[in-house]
Amino acid sequence: MNNQLRTVVQAMPKAELHIHIEGSLEPELIFALAARNGVALPYASVEALRAAYAFTDLQSFLDIYYAGASVLLQEQDFYDMTAAYLKKAEADNVRHTEIFFDPQTHTARGVAMETVFNGIHRACQDSPVSATLIMCFLRHLSEEDALSTLEAATPYLDKIIGVGLDSSEVGHPPEKFARVFARCRELGLHLVAHAGEEGPPAYIESALDVLHVERIDHGVRVLEDAALTARVARERIALTVCPLSNTKLRVFDQMKDHNLVQLLDAGLVATVNSDDPAYFGGYMNDNFIATFEALPLTLAHARTLARNSFEASFLPAEQKQRFLAEVDAYFAAVPA
Ligand code: HPA
Ligand code: ZN
């Protein structure tokens, strides 16, 4: 990648649409919160914890990710985690972010729903970055558990813009959550789901047809089904792609094998996102640099990715247009 392209992908205004806030918890903060809360960790040091980040697939990551989240107990812990992520986002010229969080990971440990919502939401309000929240249901748990989570979140629904579906994909198809997503749809919430990360294209199809999601998180396996690819392109269903995550979890062996260029060249509304930046080797700009270094991505692709990120956001039309105009102004000033 030449220096100009590197500068462009770093400096261009962008939105992040796929970030699990619990996945932004850096080892140093995990240890600081463990000390503050008197939580014992099964790792002797920051270095020992970091050394355990050698993943072979999604589940091997999730086991460590849920262990890391065990240090979050007080509202201030959720605030500090979110504020630290938003500082990184701001430094990467992220103008808007739609943040996932997993309340079940915390309520199962006896943390109150109010503590989770208030800490994360207050940090969003205090940041100069536009930040909204998407509550995710853990798909390895039952639909009844998701329904009672939605019920418990009722007093705080004004603090979220939508719901998502994450955790172990294979064996937990979207259909399992048809009723809870139907309820969320009635409530007027935006809907997204992880699909086609490790799971087959059929999961992307049922996320669209059964859950009625508006975006697909990951979705990189869509290219295995030509008819589905054509449909996702035609309907402008965005894919929130997470390149460093995909290589760390062996969805692709190496970045040079990633299908981001094929997704874009198929006319899909693909975006670049960090997923779990503390675990996968970096935040937004690290993902842009890693992909632009390894793949034949151009200045035109950079502009498309920046535009896609705002187009695919759940921002009100007027704000979306304002950010898109900012992207266009940025690229108009870049020498061709
Ligand atoms: N996939 C599924 N669940 C997750 C992920 C992911 O990449 N990150 C955090 N929870
Ligand atoms: Zn994810």
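Of all the numbered requirements in (1) touching a Phe, Trp or Tyr at 6+ places or on another chain (Cβ under 7 Å); (2) of a type outside the set (Phe, Trp, Tyr); (3) more than 21 Å from TYR43 (Cβ to Cβ), LYS87 misses one, and that requirement is (1).
Residues in the range 281-311 that are closer than 16 Å to ILE99 by Cα, out of contact with any helix residue (DSSP H, G or I) (no Cβ under 7 Å at 6 or more places or on another chain) and open to solvent by 10 Å² or more (accessible area, probe 1.4 Å): 0 in all. Taking the range 16-30 as the range and being more than 13 Å from LEU86 (Cβ to Cβ), more than 11 Å from ligand 2 (Cβ to nearest atom) and open to solvent by less than 10 Å² (accessible area, probe 1.4 Å) as the test, the residues that pass are LEU25, PRO27, ILE30. In the range 81-100, how many residues are open to solvent by 10 Å² or more (accessible area, probe 1.4 Å) and part of a helix (DSSP H, G or I)? Adding up the residues that qualify gives 6.
The set of residues in the range 299-336 being hydroxyl-bearing (Ser, Thr, Tyr) and either without any contact (Cβ under 8 Å) to a residue 40 or more places away in the chain or not in a loop (DSSP other than H, G, I, E, B) (or both) consists of THR304, SER309, TYR330. Cβ separations smaller than 9 Å between residues 6+ apart or across chains give the following pairs from the range 220-246 residues that are farther than 20 Å from LYS256 by Cβ and open to solvent by 10 Å² or more (accessible area, probe 1.4 Å) to residues that are within 16 Å of ligand 1 (Cβ to nearest atom) and outside any helix (DSSP H, G or I): ASP225/PRO200; ILE237/VAL213; ILE237/ARG215; ILE237/ILE216; ILE237/GLY219.
Matching residues to (1) within 16 Å of ligand 2 (Cβ to nearest atom); (2) crowded, with 19+ Cβ neighbours inside 10 Å; (3) touching a residue at least 60 places away in the same chain (Cβ under 8 Å):
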{"site": "MET12", "(1), (2), (3)": "no, yes, yes"}
{"site": "ALA32", "(1), (2), (3)": "no, no, no"}
{"site": "GLU47", "(1), (2), (3)": "no, no, no"}
{"site": "ASP57", "(1), (2), (3)": "yes, no, yes"}
{"site": "ASP102", "(1), (2), (3)": "yes, yes, yes"}
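Condition first: touching a Ser or Thr at 6+ places or on another chain (Cβ under 9 Å), open to solvent by 10 Å² or more (accessible area, probe 1.4 Å) and part of a loop (DSSP other than H, G, I, E, B). Can you find one or more residues in the range 269-280 that meet it? For the range 269-280, residues touching a Ser or Thr at 6+ places or on another chain (Cβ under 9 Å), open to solvent by 10 Å² or more (accessible area, probe 1.4 Å) and part of a loop (DSSP other than H, G, I, E, B): absent.
When you look at HIS106, is it within 16 Å of ligand 1 (Cβ to nearest atom) and either among the basic types (Lys, Arg) or closer than 17 Å to LEU25 by Cβ (or both), yes or no? Yes; evaluated as a whole, the condition is true for this residue.
The values are calculated or read from the model by the stated rules, or taken from the named source; none is laboratory data. The structure displayed is predicted, hence computed values, not measured ones. As a convention, Cβ positions derive from the backbone with ideal geometry for all residues, glycine included, and neighbour counts pool all protein chains shown. Areas reflect the complete protein model, heavy atoms only, side chains present, ligands, DNA and RNA absent. Shrake-Rupley method; radii C 1.70, N 1.55, O 1.52, S 1.80 Å.
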